[in-house]
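Novice: Dropping a structure here in structure tokens format, bear with me for questions.
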Number of protein chains: 2
Amino acid sequence: MAKSRVAKARDEANNPSSKVVRFGSDKPLQLAAGVTLSPFQVAYQTYGELNADKSNAILICHALTGDQHVANQHPVTGKPGWWEALVGPGKVIDTDRFFVICSNVIGSCLGSTGPASANEETGQAYGLGLPVITIKDMVRAQAMLVEYLGIERLFSVVGGSMGGMQVLEWAASYPERVNTAVPIATGARHTAQNIAFHEVGRQAVMADPDWRGGAYLKDGRHPGKGLAVARMAAHITYLSEPALHRKFGRNLQDRDQPTFGFDADFQIESYLRHQGITFVDRFDANSYLYLTRAMDYFDLASEHGGLLSRAFKGTKTRFCVVSFTSDWLFPTEESRMVVHALNAAGASVSFVEIETDRGHDAFLLDEPEFHAAIDGFLKAAARNAGLI
Amino acid sequence: MAKSRVAKARDEANNPSSKVVRFGSDKPLQLAAGVTLSPFQVAYQTYGELNADKSNAILICHALTGDQHVANQHPVTGKPGWWEALVGPGKVIDTDRFFVICSNVIGSCLGSTGPASANEETGQAYGLGLPVITIKDMVRAQAMLVEYLGIERLFSVVGGSMGGMQVLEWAASYPERVNTAVPIATGARHTAQNIAFHEVGRQAVMADPDWRGGAYLKDGRHPGKGLAVARMAAHITYLSEPALHRKFGRNLQDRDQPTFGFDADFQIESYLRHQGITFVDRFDANSYLYLTRAMDYFDLASEHGGLLSRAFKGTKTRFCVVSFTSDWLFPTEESRMVVHALNAAGASVSFVEIETDRGHDAFLLDEPEFHAAIDGFLKAAARNAGLI
């Protein structure tokens, strides 16, 4: 019998089909929460070949519900990689030219240590026993992976949304190891409104009786209803009102007249329910709590005495900051704050605002102007670095 | 022992402390869903005195989670009336001069017939047995109340948000009975994004196992966790990002350092949780489903062949349309569509956009420019009508 998606997702959490590097007790992960995580593992995918002087590596950082499967079929859903529009042979992030790495973030559920991973001390899933993870912790684990791969300096670090937070953290924490940085549709801190939406999602998960204080895995349960509600609420914030209007408007499902009931009568309702349902099959509810929390705690300025420009003082990294006009989760204003800080720090920075009605999700979609901007920036940097 | 809020709320649903008019089987309510509701009752409050020629009546229409307690202490929460900033002796809607009426909408839970009301045929609460209610149905019931009060023509119909939808419906359905109309922070249709947020709220309620397919009252239960999540999500949409930033920012609760946990660490989290918790004590979960659905189905143009201006053809009603700059639930663009339709219909219309960062909720708050605009409009109309 074919395995269910849920069963596949649980396998991937502990026995991923990706490559894995395991750091033992000699290499604990120092967490911002003041404790260490040890042992821990990082699951990752690579594409292309590392060149002889190890100067062509690009690290891609994934978003909240993303994973390391950037440009290959997803092991649980069977869908194409989440960034195949941008990454692959001959594409903007050209795997014929670059060695592309993407690791599952710590706290997630696709093979890197997270709340669904077995705690060796108990033999049970960590659940809420895992310490809270921050963006800095994710990046520290990635830095250990990059070191393990023998790469001293990354040609580029690229990512959108939560991935963009990691890009900024990389540039701030390891400036000498980052040649270029491309933070997309992101910000240097999570705003009050964004924290609010995340809190709604967490409360939806925690309100589900199947959540059981986070200990659902040992009972073979999953708070799917709560997680679906969380996903539905979040999904609205990834889109835009104009795009929703254009795509769905007030159209009814396969009929002319409303049913005057509580079934999904409008197309937008059916679409949202589908988003909720398909998400819970592939994602761990506790990971959703941990990763939303990591984003909430992100505030790069506060790590540097409250002054964002200090995070980038003396940096030699070249930046390309990208925002989208209809993104109301990370509006252009948040990117502009990053750009101002980089300017104040004397950094080399390009800033591109892409006109689109597709909202925050635009960074995942086929947006020609966006792709052209990344292409131009990377090509110029590659020429500069003697890679082309 | 003092009654709990929940017990008080349940009393109010069937035995309200407000005045009540009961319409028997000779006066059924024709519903848009194609069925009738009979018998049914409307609970209402009045303030001030009706003058001799019955020309000084103002009907106030309440919003989704509002009620008839505009300017008196709330029977369940003990709080002041929800629009005391605007309504009362000597205030903008001056109860020394006007006879102010506000009725609980059909489908709500403060004494007008709704899902928590006892169905006489079964002796049990209607629950989901109540037909779906629309904005037009609410207005039809209000029109029956106004007729019962012996008032042929209202000096004004005023309301914000869902109340504003009722104002527009009043003006379209009973133009000869509406002297002036003041739709505030509203639109002539619910947008796809707004339907989406409502659907998230409904799914949160329905995901709560205590909802029991809507039949929770007979088991003495209430899907409070789901309803709290719904309220939290909705509450974000009533505010604005700048106001949240100004009020809460990333401030932590009574401490300098984060706890790195899942308790309410940020002030915004604590505030939102409080909004959720206090709401469930005073509001019926099924009513929340019915009233959000009524808003979703509202599309005044579609009732008039798809052309909004037709809804107001030949109207003699004078309109004052109000929007708020930071309202992203009913942005100014939605009001502007109403104004354009009114202009196309040759109606008399003033349009005021109020500059504020307080979002949709601004209509409930002490906003001097907003109050001045309503004051000016009503005074001019009262002079015109010989009332002052």
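The values are calculated or read from the model by the stated rules, or taken from the named source; none is laboratory data. Note that this is a predicted model, so its numbers are computed, not measured. With ideal geometry, Cβ positions are generated from the backbone for all residues, glycine too; neighbour counts draw on all protein chains shown.
Novice: When you scan region B:25-53, how many residues do you find that are in contact with a strand residue (DSSP E or B) (Cβ under 9 Å, 6 or more places away or on another chain) and part of a loop (DSSP other than H, G, I, E, B)?
Specialist: Summing the residues that are in contact with a strand residue (DSSP E or B) (Cβ under 9 Å, 6 or more places away or on another chain) and part of a loop (DSSP other than H, G, I, E, B) in region B:25-53 gives 9.
Novice: Which of the residues spanning region B:176-235 are touching a strand residue (DSSP E or B) at 6+ places or on another chain (Cβ under 9 Å), crowded, with 23+ Cβ neighbours inside 10 Å and polar (S, T, N, Q)?
Specialist: B:THR180, B:THR186, listed by residue number.
Novice: Could you identify the single residue in A:VAL6, A:VAL21, A:VAL42, A:VAL35 that is in contact with a helix residue (DSSP H, G or I) (Cβ under 6 Å, 6 or more places away or on another chain) and surrounded by fewer than 20 Cβ atoms within 10 Å (Cβ to Cβ)?
Specialist: On the way: A:VAL6 fails: in contact with a helix residue (DSSP H, G or I) (Cβ under 6 Å, 6 or more places away or on another chain); A:VAL42 fails: surrounded by fewer than 20 Cβ atoms within 10 Å (Cβ to Cβ); A:VAL35 fails: in contact with a helix residue (DSSP H, G or I) (Cβ under 6 Å, 6 or more places away or on another chain).
Among A:VAL6, A:VAL21, A:VAL42, A:VAL35, only A:VAL21 is in contact with a helix residue (DSSP H, G or I) (Cβ under 6 Å, 6 or more places away or on another chain) and surrounded by fewer than 20 Cβ atoms within 10 Å (Cβ to Cβ).
Novice: OK, next. Restricting region A:254-269 to residues that are of a type outside the set (D, E, K, R) and surrounded by fewer than 17 Cβ atoms within 10 Å (Cβ to Cβ), which is nearest to the other protein chains (Cβ to nearest Cβ)?
Specialist: A:GLY261
Novice: Looking only at region B:213-241, count how many residues are more than 9 Å from chain A (Cβ to nearest Cβ) and over 28 Å from B:ALA125 (Cα atoms).
Specialist: Total meeting the criteria: 2.
Novice: When you go through A:ALA341, A:ALA372 one by one, which is the residue that is part of a helix (DSSP H, G or I) and crowded, with 19+ Cβ neighbours inside 10 Å? Explain how you work it out, then say what you get.
Specialist: On the way: A:ALA372 fails: crowded, with 19+ Cβ neighbours inside 10 Å.
Just one listed residue meets the conditions, A:ALA341.
Novice: Which ranges mark the helices (runs of 4 or more DSSP H) fully within region B:170-287 that have 3 or more residues being more than 25 Å from the chain's Cα centre (by Cα)?
Specialist: Here the list reads B:241-247, B:267-280.
Novice: Let me ask something else about it. Looking only at region B:273-318, count how many residues are modelled with pLDDT under 95 and either touching a Phe, Trp or Tyr at 6+ places or on another chain (Cβ under 8 Å) or away from every other protein chain (no Cβ under 14 Å) (or both).
Specialist: 1
Novice: Going by the conditions given, is A:SER348 among the hydroxyl-bearing types (Ser, Thr, Tyr), more than 24 Å from the chain's Cα centre (by Cα) and more than 14 Å from every other protein chain (Cβ to nearest Cβ)?
Specialist: So A:SER348 passes the test.
Novice: Sticking with this one: Under the condition of being among the β-branched types (Val, Ile, Thr) and within 7 Å of chain A (Cβ to nearest Cβ), which residue from region B:192-212 is nearest to A:LEU272 (Cα to Cα)?
Specialist: B:VAL200
Novice: Is region A:176-194 home to any residue that is out of contact with any helix residue (DSSP H, G or I) (no Cβ under 9 Å at 6 or more places or on another chain), assigned by the TED database to the domain that holds A:THR122 and touching a residue at least 24 places away in the same chain (Cβ under 8 Å)?
Specialist: Going residue by residue through region A:176-194, those that are out of contact with any helix residue (DSSP H, G or I) (no Cβ under 9 Å at 6 or more places or on another chain) are A:176.
Still in the list and also assigned by the TED database to the domain that holds A:THR122: A:176.
Pick out the ones that are also touching a residue at least 24 places away in the same chain (Cβ under 8 Å) and you get A:176.
Scanning region A:176-194 turns up at least one residue that is out of contact with any helix residue (DSSP H, G or I) (no Cβ under 9 Å at 6 or more places or on another chain), assigned by the TED database to the domain that holds A:THR122 and touching a residue at least 24 places away in the same chain (Cβ under 8 Å).
Novice: Please go through region A:332-351 and give me each residue that is out of contact with any strand residue (DSSP E or B) (no Cβ under 7 Å at 6 or more places or on another chain) and under 23 Å from A:GLN193 (Cβ atoms), ordered by number.
Specialist: Filtering region A:332-351 down to residues out of contact with any strand residue (DSSP E or B) (no Cβ under 7 Å at 6 or more places or on another chain) leaves A:333-334, A:336-337, A:340-341, A:344-346.
Correct list: A:GLU333, A:GLU334, A:ARG336, A:MET337, A:HIS340, A:ALA341.
Novice: Follow-up question, since we're still on this one. Is one or more of the residues making up region B:45-54 modelled with pLDDT of 95 or more, buried (at least 21 other Cβ atoms within 10 Å of the Cβ) and in contact with a Leu (Cβ under 8 Å, 6 or more places away or on another chain)?
Specialist: For region B:45-54, residues modelled with pLDDT of 95 or more, buried (at least 21 other Cβ atoms within 10 Å of the Cβ) and in contact with a Leu (Cβ under 8 Å, 6 or more places away or on another chain): absent.
Novice: All but one of (1) closer than 30 Å to B:PHE266 by Cα; (2) surrounded by fewer than 16 Cβ atoms within 10 Å (Cβ to Cβ) hold for A:SER302; which doesn't?
Specialist: Looking at each condition in turn, A:SER302 falls short on (2).
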